[in-house]
Amino acid sequence: MVALVAGVTALAAAIGLSILLLGLQRVFASAPTLWDSNDRDITDTSLSVVIPAFDEEQNIEGCLTHVLMSERPCSRWEVIVVDDQSSDNTVKIAEQAIVTVAGADQPGATVLQAGHRPKGERWVGKNWGCCQAMEQVNSEWVLFIDADVTLAPDAIRRALHQSINENADLFSLAPRLTCGCLAEWMVQPIMASLLGLGFPILEANDPASTVAFAAGPFMLFRRDSYNAIGGHRALAGEVVEDLALARRIKEGGFRLRYVLGIDAVDLQMYANLQALWEGWSKNWYLGLDRSISKSLGAGGVVLLMFTLPWLLLPASLTMACLSSQDQILWLSDAGLGLIAILMQLSVRLWTRARFSVPLRHWWLMGLGGMIIGLIAPTSVWKSLTGRGWTWKGRSLADAQAR
């Protein structure tokens, strides 16, 4: 009986991974992408690039330098780094980067202090910083990017060109997830696959659909449309502000464009396991419609597909050696477990071919699945109780000004 259950489990994992791979191929075959425009004409418009930063000393220099060295996207543009009371060297490093890169061909760049949040108001995440930066913005377009983003030299120009040509009010690029630490190599490829499978890209780009989706690391707004929906001020307490902004754009009758920007935007989200745990446990439950059943169910499916095959394979081989009665059945279970593991490799091979993500540490996906399986209930508990629910150490349950 145990051997039969193990076999069914391994078969389910293999089938699930097959569905994942086929689903990824289907979704990305029809996904719109950032235009590969060779048009170097300078668009007669204005743009402000806003980079909200809180304790980003590890990221801000690279991000800001790439932005400042970008190809000129339009006739008038500027860069604003808005510091949200960082406790590290974020401001100093940003100011040094501006001085180092400064030149005739570079845009004007400033570092703005967001200041203290108003007492009695709940502001979470980067909403306060973005809101304060917008007090200084008078351009026709505004681009919000995260400090852990690295842009290709032509990324901003191409995005602005396509946004104008497609008459978009919000133009968001889905980035390529990159990995630095070991924890990211274990978890991020799985997360990227899950996000890809649930990628509502066609629905998000359909004006007739109520589905709205955007990627916070790269959000380009027509400023008048941004102001019309209330901007970040209207959703000060929203933890997942990118989805909230996308919904408001669609609900307001404005045009949303969400496209793949994997050749233009790289995103490395976390420096270590602690940061990864905090980040995904913050978003998992909220990203799954605040549904306990969806959150726990999705975590269970990840465990089934990515962790259990690595446990079943050696266990089944051991039982085949110890049990003469069910030896054939245990060997069959081991074969199914091996097939599921090879399917995991197939997913990573597809990811390498499609997104140029290396195969590095692919054999640790079993541990990655276990981490995600633990993140799921943790996220539910944190979100519902508020205990330990933080963003870069700042409480999300009680985000009053300090």
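Looking only at the stretch 160-204, count how many residues are assigned to a loop (DSSP other than H, G, I, E, B) and of a type in the set (Phe, Trp, Tyr).
1
Take the stretch 163-190 and flag every residue that is crowded, with 22+ Cβ neighbours inside 10 Å and either closer than 20 Å to Ala212 by Cα or free of Cβ contacts under 8 Å to residues at least 40 places away in the same chain (or both).
Ser163, Ala168, Asp169, Leu170, Phe171, Ser172, Leu173, Ala174, Pro175
Among the residues of the stretch 72-113, how many are in contact with a Cys (Cβ under 8 Å, 6 or more places away or on another chain) and basic (Lys, Arg)?
0
Taking Thr385, is it surrounded by fewer than 17 Cβ atoms within 10 Å (Cβ to Cβ), polar (S, T, N, Q) and more than 17 Å from Ala12 (Cα to Cα)?
Spelling it out, Thr385 is indeed surrounded by fewer than 17 Cβ atoms within 10 Å (Cβ to Cβ), polar (S, T, N, Q) and more than 17 Å from Ala12 (Cα to Cα).
Out of the residues in the stretch 213-251 meeting the condition of being in contact (Cβ under 8 Å) with a residue 60 or more places away in the chain and among the small types (Gly, Ala, Ser), tell me which one is most open to solvent (accessible area, probe 1.4 Å).
Ranking the candidates gives Gly237 first.
Out of all the residues in the stretch 372-385, is one or more within 26 Å of the chain's Cα centre (by Cα) and over 25 Å from Leu194 (Cα atoms)?
There is at least one residue in the stretch 372-385 that is within 26 Å of the chain's Cα centre (by Cα) and over 25 Å from Leu194 (Cα atoms).
Just checking, how many residues over the stretch 77-108 are assigned to a strand (DSSP E or B) and modelled with pLDDT under 95?
1
Looking only at residues that are more than 16 Å from Asp146 (Cα to Cα) and buried (at least 16 other Cβ atoms within 10 Å of the Cβ) in the stretch 258-275, which one is farthest from the chain's Cα centre (by Cα)?
Asp263
Taking the stretch 29-54 as the region of interest, how many residues are closer than 28 Å to Ala94 by Cα and either open to solvent by less than 30 Å² (accessible area, probe 1.4 Å) or within 19 Å of the chain's Cα centre (by Cα) (or both)?
10
Residues of the stretch 350-368 being open to solvent by less than 70 Å² (accessible area, probe 1.4 Å) and either over 22 Å from Phe28 (Cβ atoms) or not small (Gly, Ala, Ser) (or both), which ones?
Trp350, Thr351, Phe355, Val357, Pro358, Leu359, His361, Trp362, Leu364, Met365, Gly366
Taking Ser281, is it open to solvent by less than 50 Å² (accessible area, probe 1.4 Å) and polar (S, T, N, Q)?
Considered against the rule, which asks whether it is open to solvent by less than 50 Å² (accessible area, probe 1.4 Å) and polar (S, T, N, Q), Ser281 comes out as yes.
Tell me yes or no: at least one residue of the stretch 22-38 is modelled with pLDDT under 95 and farther than 30 Å from Ile190 by Cα.
yes
Return a yes/no flag: does the stretch 139-150 have any residue that is closer than 21 Å to Glu241 by Cβ, open to solvent by 40 Å² or more (accessible area, probe 1.4 Å) and not β-branched (Val, Ile, Thr).
no
Which one of these does Leu338 not meet: (1) closer than 26 Å to Ile262 by Cβ; (2) modelled with pLDDT of 95 or more; (3) aliphatic (A, V, I, L, M)?
The failed condition is (1).
Results for (1) more than 19 Å from Val240 (Cβ to Cβ); (2) exposed (fewer than 15 other Cβ atoms within 10 Å of the Cβ); (3) within 27 Å of the chain's Cα centre (by Cα), shown as yes or no for each residue.
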position	(1), (2), (3)
Phe306	yes, no, yes
Leu317	yes, no, no
Ile328	yes, yes, no
Gly337	yes, no, no
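Identify, from the list Gly120, Gly125, the residue that is assigned to a loop (DSSP other than H, G, I, E, B) and surrounded by 15 or more Cβ atoms within 10 Å (Cβ to Cβ).
From the options Gly120, Gly125, the qualifying one is Gly125.
Would the stretch 39-53 turn up any residue that is touching a residue at least 40 places away in the same chain (Cβ under 8 Å) and assigned to a helix (DSSP H, G or I)?
Checked against the condition, which is being touching a residue at least 40 places away in the same chain (Cβ under 8 Å) and assigned to a helix (DSSP H, G or I), the stretch 39-53 yields no hits at all.
Pick from the stretch 342-358 the residues that are under 20 Å from Gly16 (Cα atoms) and among the hydroxyl-bearing types (Ser, Thr, Tyr): which of them is modelled with the lowest pLDDT?
Thr351
For the stretch 219-240, which positions are at pLDDT 95 or above and charged (D, E, K, R)?
Result: Arg222, Arg223, Asp224, Arg233.
The values are calculated or read from the model by the stated rules, or taken from the named source; none is laboratory data. A quick note: this is a predicted structure, and the numbers were derived from the prediction, not measured. Here the Cβ is made from the backbone with ideal geometry for all residues, glycine too, and neighbour counts use every protein chain on show. Heads up: the accessible areas ignore ligands, DNA and RNA and are worked out on the full protein's heavy atoms, side chains in. Shrake-Rupley method; radii C 1.70, N 1.55, O 1.52, S 1.80 Å.
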